[in-house]
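The values are calculated or read from the model by the stated rules, or taken from the named source; none is laboratory data. Everything numeric in this text was worked out from a predicted model, so none of it was measured. Glycine gets a Cβ as well: all are built from the backbone with ideal geometry, and neighbour counts include every protein chain shown.
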Amino acid sequence: MPALVLSLTPTISAIDQPIWDKLANPDKGKANPFLCWDFLQALEQTGCVGGQTGWQVCHLCATDELGEIAGVVPLYLKSHSMGEYVFDHGWAHAYEQAGGQYYPKLQSAVPFTPVTGARLLAGSVDVKTTLAQGLRQAVQDTGASSVHVTFTEEDDMQILEDSGFARRSDVQYHFLNQGYDDYEAFLASLSSRKRKNLRKERARAQDGIKIARLRGDDLKGEHWDAFYAFYQNTGMRKWGQPYLTREFFEEIHHRMRDQVLLVMASLDGGWIAGALNFIGGNTIYGRYWGCRQHHPGLHFELCYHQAIEAAITMKFARVEAGAQGEHKIARGYVPVQTHSAHFFYDPGMHESVKSYLEQERVLVDQDVMRLDQHTPFRKNAATLSLLRNGD
């Protein structure tokens, strides 16, 4: 194929929205909402990335001989490791103990979003391969120590490995809808003890509480005001400061409200908690939760049970409930492996990390096998086979 010209752009606004979206989500039936131009541009426009956030935008573009964009990679130059959900603090410490400077580093990801998706956004393997090689060159061009491609789908992962990246594996927990007619049918697939536990947990969480699932035109400014207060409260406790601004949620409301499912809880007429989900293709993606007062089991109800019930009602195939959390298993979620790719400019560091990750992957495989033994489903071979292979 003709040679492609690679360049870095400091804003997604320099790339036409239809071009980006066609590359990011060529199959609208399986569209990933976090890869769309609207979501990423809203992060930039509202100051969630750029400026002094430590997420400097530098998306990688591949342009053909006619000046047409043939491929892109969402890419950021970072001065810290926050908001990534693939932890590399140990690597940073080792790198600097050896006399190197770990930051800045390059990160190909959707900021603050541990959701698997394409990262090499192109229509052909050849262009994707050029983009993977371009990421390695970008390390040198920007003076970064390394480049990290996190939560990447398997097709891209293979191309990155072939281009010299090291693979890392981790575990998330997803609900896989096996064609349940309703929530009761899902409960019937669980063991008797687990089924009783979930019924008790949900009854306790809903005691005196009203729950609303809001989407599209049902979403109003009052809901976002309340949810943002909940989000700030949780963000201050978990991260020191929230990543997202109120303006970001305003933009998302205007641009993507049909792809939002906001689950809100009220007590005595006032909102007390909420969980934000996004919808893409046949998947519900659980993202943020927050509250202004504690209520037993309410977190589990809004984040996990309501998402499962909504997925079954809307005939969606899965719920991705975000990063970490073995407690999700008891509530009907199963372990699923995620993958990331890593390249270090320093050959010694790269080989050390690659060797470490090879050993770590063995442990992750063993962990998934262990976790499989603790799912709440009735233990029969057919059920377990469906869950492991279900999409």
Test: residue in the stretch 251-267 that is in contact (Cβ under 8 Å) with a residue 24 or more places away in the chain, more than 15 Å from Cys303 (Cβ to Cβ), assigned to a loop (DSSP other than H, G, I, E, B) and outside the structural domain of His80 (by TED's automatic domain parsing): no
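Restricting to the stretch 95-115, and then to whatever is more than 30 Å from Val319 (Cα to Cα) and without any contact (Cβ under 8 Å) to a residue 60 or more places away in the chain, can you tell me which residue is surrounded by the most Cβ atoms within 10 Å (Cβ to Cβ)?
Lys105
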Report whether or not Val368 is on the phi < 0 side of the Ramachandran plot, within 21 Å of the chain's Cα centre (by Cα) and surrounded by fewer than 18 Cβ atoms within 10 Å (Cβ to Cβ). yes
Filter result (over 24 Å from His89 (Cα atoms) and either touching a residue at least 40 places away in the same chain (Cβ under 8 Å) or in contact with a helix residue (DSSP H, G or I) (Cβ under 8 Å, 6 or more places away or on another chain) (or both)) within the stretch 133-154: Gly134, Glu154
Look through the stretch 222-240, keep the residues that are of a type in the set (Gly, Ala, Ser) and at pLDDT below 75, and return whichever of them is nearest to Ile252 (Cα to Cα). Gly235
Looking at the stretch 60-79 only, could you name the residues that are outside any strand (DSSP E or B) and closer than 20 Å to Phe34 by Cα? Pro74, Leu75
How many of the residues in the stretch 199-216 are assigned to a helix (DSSP H, G or I) and of a type outside the set (S, T, N, Q)? 8
Determine which member of the set Arg215, Arg168, Arg202 is among the basic types (Lys, Arg), surrounded by 16 or more Cβ atoms within 10 Å (Cβ to Cβ) and not assigned by TED's automatic domain parsing to the domain that holds Gly286. Arg168
Looking at the stretch 184-203, I want the residues that are in contact (Cβ under 8 Å) with a residue 24 or more places away in the chain and have a partner that is surrounded by 12 or more Cβ atoms within 10 Å (Cβ to Cβ) and of a type in the set (Lys, Arg) with Cβ atoms under 7 Å, at least 6 apart or on another chain. Which pairs are those? Ser189/Arg378; Leu190/Arg378; Ser191/Arg378; Leu198/Arg331
Mind telling me which of the residues Ala273, Ala341 ends up being in contact (Cβ under 8 Å) with a residue 24 or more places away in the chain, buried (at least 19 other Cβ atoms within 10 Å of the Cβ), assigned by TED's automatic domain parsing to the domain that holds Glu358 and over 19 Å from Phe186 (Cβ atoms)? Ala341
